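Trainee: So that we are looking at the same thing, I have put the structure below in structure tokens.
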Amino acid sequence: MIKFLVYVAIILTVLAVGYLVRVFELASALKGKKSEEVTEKDNRTMAKIMLTFLVAFFAFVIWQLTNYGWRMLPEAASVHGKELDWLFNFNMGILWFVFTVTHILLFYFAYKYYGRAGQKATYFPHDNRLEMIWTVIPAIVLAVIVIYGIKTWNHITAVADPNTQIIELYSKQFDWTARYAGGDNVLGASNYKLITATNDLGMDSTSKEGQDDIVVKNELHLVVNKEVEFKFRSRDVIHSAFFPHFRAQMNTVPGMTTMLHFTPTITTAEMRQKPEVIKQWTDINRLRKERGEKPEEFNYVLLCNKICGNSHYNMQMTIIVETQAEYDKWIASKKPFYAEKGTPAPTENKPADIKESEDAAGTADAARDSIKTGNAQEEEAAARKLIQEKKN
Ligand SMILES: [Cu+2]
């Protein structure tokens, strides 16, 4: 009903404007004026509006920056993040300078040289010097931006150090799962066809390297000042692993492994002590209190940055950056996947989305039923048989 009334209101407004214009035209005709004729007075009014807009626009921008500028992301917490921020600020500085100068000139000149009766504009068809200036200067500036950009890009995407810690991040609708490579720092093999109720990531139990792999949900732990290389996989659709505080992002694509590496430089505890973070979180907790919610502390987050479905907003994981000693203590409390999954969960708990993705993976219905036995070994054996049958 409200929708219908809104439509009616819109139609009536359009009609009313139409009639007002008509009335205005008739009134002008009665006064003996041509309504389409622009007078000097009209031009002068327009000139004043131009000047007002110039002042109001910049005042609004300054107001926004002072009111909301401090709510932006805190200082970059990774090595390349600092480089990226520098590049971003460098670009923004140039953009701001050019934007401000050209807009002041644009609106000020529109004000100063408004059309007056009997005044004619100067005919100015070409000037070589001017052409040179506005070609050469932007060319130099763009060259500097591109060279700095490509240098930074090459640095960020360079091959990771061989000793880099390897972590797999597995995305599906709608959560993240992390797999730590264990003592050998090599991830075990996996195959989507091995996905069962008890084997979310499709890990291959015959893989030697996989025996010490540790699977964790909810929390991702990283060591400060230690480079980490992520290997991303996706089960269903394209997701995007977004680490805003580390200025890093990578798509996760079904059927392929994507990679990204960075070195965290600030621990979670240190970040919580930064003045800008304290200021932001004092304000966030003030708002939370007003809504009757419990206060929260700053945490790094991994988000999904692709609108991947109806619970996309909920697809996030807390990241904890800590010292080596703290990390060692945490990882020691985790058991390898195979040690932990000694007693497989009942298959009835298998979520609907896994069943669907198995269909998408081309697994036959009847064969799939045979896989769900509730025993990890049996399930995997059945899945293996199926892969073999498909191959033949
Ligand atoms: Cu997603």
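Trainee: Which of (1) in a strand (DSSP E or B); (2) out of contact with any Leu (no Cβ under 7 Å at 6 or more places or on another chain) does Arg179 not meet, given it meets every other one?
Mentor: Every listed condition holds for Arg179 apart from (2).
Trainee: Do we find that Tyr148 is under 30 Å from Ala47 (Cβ atoms), among the hydroxyl-bearing types (Ser, Thr, Tyr) and either surrounded by 12 or more Cβ atoms within 10 Å (Cβ to Cβ) or touching a residue at least 24 places away in the same chain (Cβ under 8 Å) (or both) in this structure?
Mentor: Values: under 30 Å from Ala47 (Cβ atoms): no; among the hydroxyl-bearing types (Ser, Thr, Tyr): yes; either surrounded by 12 or more Cβ atoms within 10 Å (Cβ to Cβ) or touching a residue at least 24 places away in the same chain (Cβ under 8 Å) (or both): yes.
Answer is no for this residue.
Trainee: Another question, then. Can you list the strands (runs of 3 or more DSSP E) lying wholly within segment 212-284 that have 2 or more residues being free of Cβ contacts under 8 Å to residues at least 40 places away in the same chain? Even if it seems obvious, please write down each step before you answer.
Mentor: On the way: elements: 214-217, 219-223, 228-234, 239-243, 248-252, 258-262.
Qualifying strands (runs of 3 or more DSSP E): 258-262.
Trainee: Determine, yes or no, whether Trp70 is loosely packed, with under 14 Cβ neighbours inside 10 Å, under 27 Å from the mean Cα position of the chain (by Cα), in contact (Cβ under 8 Å) with a residue 24 or more places away in the chain and not in a loop (DSSP other than H, G, I, E, B).
Mentor: Criteria met by Trp70.
Trainee: Here's something else I'd like to know. Could you run through segment 113-145 and say how many residues are free of Cβ contacts under 8 Å to residues at least 24 places away in the same chain and either touching a His at 6+ places or on another chain (Cβ under 6 Å) or closer than 30 Å to Val38 by Cα (or both)?
Mentor: So in segment 113-145, the residues free of Cβ contacts under 8 Å to residues at least 24 places away in the same chain come out as 113, 118-140, 142-144.
Add one more test, that the residue is either touching a His at 6+ places or on another chain (Cβ under 6 Å) or closer than 30 Å to Val38 by Cα (or both), and what stays is 113, 118-126.
Residues meeting the conditions: 10.
Trainee: Just the residues that are surrounded by fewer than 17 Cβ atoms within 10 Å (Cβ to Cβ), under 17 Å from the mean Cα position of the chain (by Cα) and away from the ligand (no atom under 16 Å from the Cβ), please, taken from segment 238-269.
Mentor: Met259
Trainee: Of everything in segment 314-336 that's within 16 Å of the ligand (Cβ to nearest atom) and modelled with pLDDT of 90 or more, which residue is farthest from the chain's Cα centre (by Cα)? Break it down into steps so the answer makes sense when it comes.
Mentor: First, the residues of segment 314-336 that are within 16 Å of the ligand (Cβ to nearest atom): 314-317.
Those still in the list that are modelled with pLDDT of 90 or more too: 315-317.
Details: Met315: 12, Gln316: 12, Met317: 14 Å.
If we take residues in segment 314-336 being within 16 Å of the ligand (Cβ to nearest atom) and modelled with pLDDT of 90 or more, then Met317 is farthest from the chain's Cα centre (by Cα).
Trainee: Scan segment 84-103 and give yes if some residue there is of a type outside the set (Val, Ile, Thr), outside any helix (DSSP H, G or I) and either in contact with a Leu (Cβ under 8 Å, 6 or more places away or on another chain) or surrounded by 11 or more Cβ atoms within 10 Å (Cβ to Cβ) (or both), otherwise no. I'd like the intermediate steps shown before the answer.
Mentor: Let us first name the residues in segment 84-103 that are of a type outside the set (Val, Ile, Thr), namely 84-93, 95-97, 99, 103.
In the following step, the residues that additionally are outside any helix (DSSP H, G or I) were identified as none.
So far as segment 84-103 goes, no, none of its residues is of a type outside the set (Val, Ile, Thr), outside any helix (DSSP H, G or I) and either in contact with a Leu (Cβ under 8 Å, 6 or more places away or on another chain) or surrounded by 11 or more Cβ atoms within 10 Å (Cβ to Cβ) (or both).
Trainee: Which of the residues that make up segment 272-313 are more than 16 Å from the ligand (Cβ to nearest atom) and touching a strand residue (DSSP E or B) at 6+ places or on another chain (Cβ under 7 Å)? Steps first, answer last, please.
Mentor: So the first thing to find is which residues in segment 272-313 are more than 16 Å from the ligand (Cβ to nearest atom), and the list is 272-300.
Hits for segment 272-313 are Asn299, Tyr300.
Trainee: Can I ask one more? Which condition from (1) within 16 Å of the ligand (Cβ to nearest atom); (2) in contact with a Ser or Thr (Cβ under 8 Å, 6 or more places away or on another chain) is the one that Ala178 breaks?
Mentor: Result: Ala178 fails condition (2) only.
Trainee: Hey, does segment 291-310 have a residue that's free of Cβ contacts under 8 Å to residues at least 60 places away in the same chain, in a helix (DSSP H, G or I), more than 18 Å from Ala178 (Cβ to Cβ) and not small (Gly, Ala, Ser)?
Mentor: no
Trainee: If I filter segment 215-225 for residues that are farther than 27 Å from Met72 by Cα, of a type outside the set (S, T, N, Q) and within 16 Å of the ligand (Cβ to nearest atom), do I get at least one hit?
Mentor: Of all residues in segment 215-225, those farther than 27 Å from Met72 by Cα come to 215-217.
Among the residues that remain, those that are also of a type outside the set (S, T, N, Q) are: 215-217.
Checking which are within 16 Å of the ligand (Cβ to nearest atom) leaves us with 217.
For segment 215-225, residues farther than 27 Å from Met72 by Cα, of a type outside the set (S, T, N, Q) and within 16 Å of the ligand (Cβ to nearest atom): present.
Trainee: Determine which member of the set Ala117, Ala121, Ala139, Ala158 is at pLDDT 95 or above, surrounded by fewer than 11 Cβ atoms within 10 Å (Cβ to Cβ) and away from the ligand (no atom under 16 Å from the Cβ). Can you show your working first?
Mentor: Values: Ala117 fails: at pLDDT 95 or above; Ala121 fails: at pLDDT 95 or above; Ala158 fails: at pLDDT 95 or above.
One residue alone meets the criteria, Ala139.
The values are calculated or read from the model by the stated rules, or taken from the named source; none is laboratory data. The model shown is predicted, which means the values in this text are computed figures rather than measured ones. Ideal geometry is used to build each Cβ from the backbone, glycine not excepted, and the neighbour counts take in all protein chains shown.
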